[in-house]
Every structure is written in structure tokens, then in C-alpha cells.
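Notes to accompany the following structure.
Throughout, read-outs are computed from the coordinates displayed, never taken from laboratory work. Predicted model only: the values in this text are computed from it and were never measured. Note that each Cβ is placed from the backbone with ideal geometry, even for glycine, and that neighbours are counted across all protein chains shown.
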Amino acid sequence: MLADIGIYGFRVMGENLARNIESKGYTVAIMNRTDSVVKEFMGGKNKDGNFIASYTMKDFVSSLKKPRKIMLMIKAGEVVDLVIEDLLAYLEKGDIIIDGGNSNYLDSERRVKYLESKGIDFVGSGVSGGELGALHGPSLMPGGSKKAWESIKDIFIDISAKAGKDNLEACTTWIGEGGSGHYVKTIHNGIEYGDMQLISESYAVMRDLLYLDNKKMSETFNKWNKDKLESYLIEITGEILGTKDEDGDYLVDKILDAAMQKGTGKLSVISALEEAQPLSLITEAVYARILSSMKDERVFASGLISKVEKETYDKSEVLSYLEDALYSAKIISYAQGFSLMAEASKNYNWNLNLAEIASIWRGGCIIRSGFLDDIKFAYNDNTKLSNLMVSKLFSKKLEESIKGLRKIVSIGALNGIAMPAMSSALSYYDGYHTKTLPANLLQAQRDYFGAHMFERVDKKRGEFFHYDWSGEGGKTSSTIYKD
């Protein structure tokens, strides 16, 4: 008996993905760098399952049907290249390597070309949903060799999460060529950073200004999850806030306020800078994690200033504003992420289908939420949509809820509650909707000290001018830099 697919890398994600695939009727070859992990798995309740364990690369490859399909569930970086080189000694033309880790999309671009030269098809696939998603149905974002998709799509469709009215729509689709699959996963994770920070800022208002107890906060998030804020992250926040440890204390209160990160948020921000797209909310979410990690410095600094005297508010009124603030800020975060994907798609010739991306994020993945159906509709309605905020649907939703964001950002500022993500969301919204920004003065400054030139409102776009502001600069001007 030969296996339908192989999983190399058998920690939490790899093991659960293998169990998911096997449960759908496939035979799965498994291997891990450390033999004991596989031996323990095969010696337990899975010993009667359709798994083929291997302990050498040669045996692992030999246990697979042709064309061989091997999915790497290992840490991103150099180790992926090392494992690929080990595999190449045994693979044949037409075989397929799938990288299911959180790899840099530029590495995936490189690997597609390199393996194509060897006759091997490479797929870089984002996998979202965490360990439970991997087991019960993740969102899968494959990109790379289009030919390989024909060989792997049945497995991917079968194991993916399902969404839609009848839960029959697979949360996977072909993303595009090159590193597009891992790029879309990167932006997914960036949006995830933003969502988590926005929720944390809402929690700070509840805890530090309204003085709600954990039970009340849990109830509030549970209530929100039944309405327009319905999402996985809101759902688990309600559960987290209501969870007590073995001592009967709320566990969240015992967790140190120092957030960690793996780097995909930072990669989203770097990409935004390269594509000249304002990803301000997600950027602030990344910086918020960095600031939180500076725990000792924050503790010291907190003792150097007088505490802000908190004002008193009607709790139900503030919670109503807070619900609208979180909702509108989430829309703005998604708008930034989708605009970035659209720009990268043009530059890399990926032809990303943004409606399909919204569709496959409706189930399985960490940022799944109720309004992804609305995002799918918005991009289906207008495939050339420049920004979600100007779609008919979301423009109306934002107009209805933006007052809440204005109120909460103001309340936060007046009461010394740091709200980097929410305040950046509001600034982006206002800036994007402002007909005349003060950038004319900024451009005049650039021309004054550096002769960088400027466009004029009384001339055609694309014509550039320099003015001798000091009377000593002459007519020489600098080169135009548009980015």
C-alpha cells in the first residue's frame, strides 16, 4: 500500500493535519526529524489508522504514490531549504513539494523557480486555523505551480473548513503563481495582529475605565459575538475572560502583559512600505506588541508621572460606543489589508481574486468573521474596487459606526488609555476621506530645503515646479521621487 500524501514535520500542526487528511479516507505517510515523535504517535490510538511511518528520507519518499505529494510542516527559514535538498535526492520529475509553514513569500518565489529548474512542482501554502483548525478544517491558501493544484486540490478541498449557508463551500482555492499563497497568509496574519490589538484596547477601556469585572467583560464579548462583531477572535475572547484556573482565579489576570510575535506582522508592514500602501493600523499593532515586551521600562516609567484622574461615564453608553468603535476599526483594518494585497498583486502579476480570498477566510482561519461575506460581495460587485471603505455597503456601515470610534479614541486620550490601533484607524479614515490634506505645506518644505519640486493645483497633474524660496537657490531642482 502506498500513501496518497506525505507529511514531513510532525509536531502539533503536522500531526493534526495528518489526522485530518486520514479521517477523509486518505492514506498518509509521516516522518519527523526526531524518530521518537513518530514512534509515539504510531504506538498510540493511531496505530490502526491509515498511516505509514518512515524513519529515513528514502523510505518516506518510496512510500508515496506518484506523482509524490509531500507537505512540509516545519519552521520557516533555512531549514525548509535543507529539507528540500534532502528530498531532491529521491524525488523524480513531476513530484510535488508543498510548504505549509509561515514562510516568507519571497522565499516561496525563489523556491518555485529553483524547483521548476529541477522538474519539481512547488506549492507555498498558507495554513490558518491553529492546531484545532488543522485537525477539523483549516483555511488553505496554496500558490506556486498551477499544475500541482490539479494533483492536490481534491485533498485540500476535502480537509479544508467549509463555509456558506449550507457549510458546503470549501475554504481553499488556488491563490496564484509564485509566492502568492504565502503572501496572502502573511496579510491574513497582519489583519490578525490588528484584530487582536483592537480587541485588547477594547478590553483596556472596559477594565481600566469602566472597571468591569471579568464576568461582565466576558458576557459583553459573548453578546457582541451574536451581532455584527461575530467572529472567532471575539468568541474566544469571551471564553478567555470567563476562564478560571485551578485556584479559582481568573487566569487572564495572572498572565504577564508582554506579548510575543513570530514575525508575520512585521513582514506585512515591510511589504506595505515596499508597495507604498498605508498599513497604519497593523503597523501600530506590531509596535504595540514591541512596546508591551518592554515591561521593565514601562514599570519604571509609570512611576515617574502622576496618574491621570479618570472621568466617570455611563457604562452602557460607553459600551455602545465601544462596540461601534471596534466594528468600524475592524472594517478599516481589513480595508488596509485588502488594498495592500491588490497593489502587490499588480506588482507581482499574481492576479489575486480578492472576493475568493475573502470567501476562503470565512471558515477555519483565525480572522474568520461574519462580515467576510460582505467583503466577498463588495469585491464581486466591483472587481476594480480601490478600497473597501468606498464600497456602497461599507461606506454606509462606517458612516453609521464611526461616531463610536471618535468617542472612544477621545475618551481613551482624555483618560490616559493607550489606543494606538484605534487612533490610527480613525486617522486613516479621516485622512482617506479628506479632500485637501496639509501635504501642500510639506511639499513646499521639501522644495525649500531640497529643491524636490511640487505639482500645482492650477496646472496639469504630472507637471513639476521648483521655486527659489530664499532667493539664493537658483533654478536647479532635484530628481522626482514619487514613493
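Note on the chain: Rg/Rh from C-alpha atoms, Kirkwood Rh, equals 1.02.
Cross-link partners of LYS215 among lysines, defined as those whose alpha carbon lies under 18 angstrom from its own and excluding same-chain residues fewer than eight positions apart: LYS223, LYS226, LYS244, LYS254, LYS315. In terms of its alpha-carbon gyration tensor, region 44-96 comes out oblate; a/c meets the 1.5 threshold, while b/c is at least as large as a/b.
Given region 326-483, report the % of alpha carbon pairs whose separation exceeds 26 Å. Counting pairs separated by more than 26 Å, the tail of P(r) holds 48 percent.
Expressed in nm to one decimal, what extension gain is obtained for the pair ASN380 and ASP208 from 0.36 nm per residue of sequence separation less their Cα-Cα distance?
57.7 nm
For the chain, DSSP calls about 35 percent of its internal beta bridges antiparallel.
In terms of other Cβ atoms within 10 Å, HIS188, HIS433 run from fewest to most in the order HIS433, HIS188.
Residues SER139, SER293, SER302, ranked from the fewest to the most other C-beta atoms within 10 Å, line up as SER302, SER293, SER139.
Dipole magnitude for region 403-483: computed about the Cα centre from +1 point charges on Lys and Arg Cβ and -1 point charges on Asp and Glu Cβ, it is near 440 debye. Note on ASP314 and GLU399: with the Förster distance fixed at 30 Å, the Cβ-Cβ geometry gives a FRET efficiency of about 0.80. Secondary structure note: in region 48-135, about 0% of the DSSP beta bridges are antiparallel. In the distance distribution for region 185-432, Cα-Cα pairs more than 33 Å apart total 18 percent.
Indicate the gyration tensor shape class of region 398-483 (rounded, prolate or oblate), computed on the Cα atoms with a ≥ b ≥ c the square roots of the eigenvalues: a/c under 1.5 is rounded; otherwise a/b larger than b/c is prolate and the rest oblate.
Prolate shape, in that a/c is at least 1.5 and a/b is the bigger ratio.
Take each complete run of DSSP H in the chain, measure how far its Cα atoms stretch along the helix's own axis, and keep only those covering 30 Å or more with mean Kyte-Doolittle hydropathy at least -1.0; list them.
Correct list, ordered by number: 180-208, 315-348, 392-414.
Two numbers describe the Cα atoms of region 141-260: Rg and Dmax, which are 19.2, 57 Å. Most simply put, region 5-178 has about 30% antiparallel DSSP beta bridges, counting only bridges with both residues inside it.
Dipole orientation for the chain: of the candidates ALA451, SER424, LEU135, ALA451 has the Cα lying most toward the positive pole (charges on Cβ; Lys, Arg +1; Asp, Glu -1).
3J(HN,Hα) along region 50-57, derived from phi through the Karplus expression 6.51 cos²θ - 1.76 cosθ + 1.60 where θ = phi - 60°, amounts to 7, 10, 10, 8, 10, 10, 9, 5 Hz, with x in place of Gly and Pro. Computed over region 5-178, the P(r) curve from all C-alpha pair distances, binned at 10 Å from the origin, holds 10, 42, 38, 10, 1 percent per bin.
What number, rounded to the nearest 500 deg cm²/dmol, is the helix-based mean residue ellipticity at 222 nm of the chain, given -39500 (n - 2.57) per DSSP H run of at least four residues and division by all its residues?
Value at 222 nm, helices only: -17000 deg cm²/dmol.
For the chain, a simple Cβ point-charge model (Lys and Arg +1, Asp and Glu -1, everything else neutral) yields a dipole of about 820 debye relative to the Cα centre.
Each semi-axis of the equivalent ellipsoid for region 257-311 is √(5λ) with λ an eigenvalue of the Cα gyration tensor; in descending order they amount to 29, 14, 8 Å. The Cα-based radius of gyration of region 85-171, divided by its Kirkwood radius, gives an Rg/Rh of 1.02.
Residue pairs exceeding 30 angstrom between C-alpha atoms, taken from LYS216/LYS403; LYS262/LYS407; LYS58/LYS346; LYS47/LYS262; LYS376/LYS460: LYS262/LYS407; LYS58/LYS346; LYS47/LYS262; LYS376/LYS460. Taking only the Cα atoms of region 436-483, the radius of gyration and Dmax are 10.6, 31 Å. Our estimate of slack between LEU168 and ASP253, defined as 0.36 nm per intervening residue step minus the Cα-Cα distance, is 26.6 nm. Every pair of different Cα atoms in region 1-56 enters the Kirkwood calculation, which places the hydrodynamic radius at 10.9 Å. The charge dipole of region 31-100, taken about its Cα centre with unit charges on the Cβ of Lys, Arg, Asp and Glu (plus for the first two, minus for the last two), comes to roughly 340 debye.
Within straight-line reach of LYS147, meaning a Cα separation under 20 Å, sit the following lysines at least 8 residues removed in sequence or on another chain: LYS65, LYS66, LYS69, LYS93, LYS113, LYS118.
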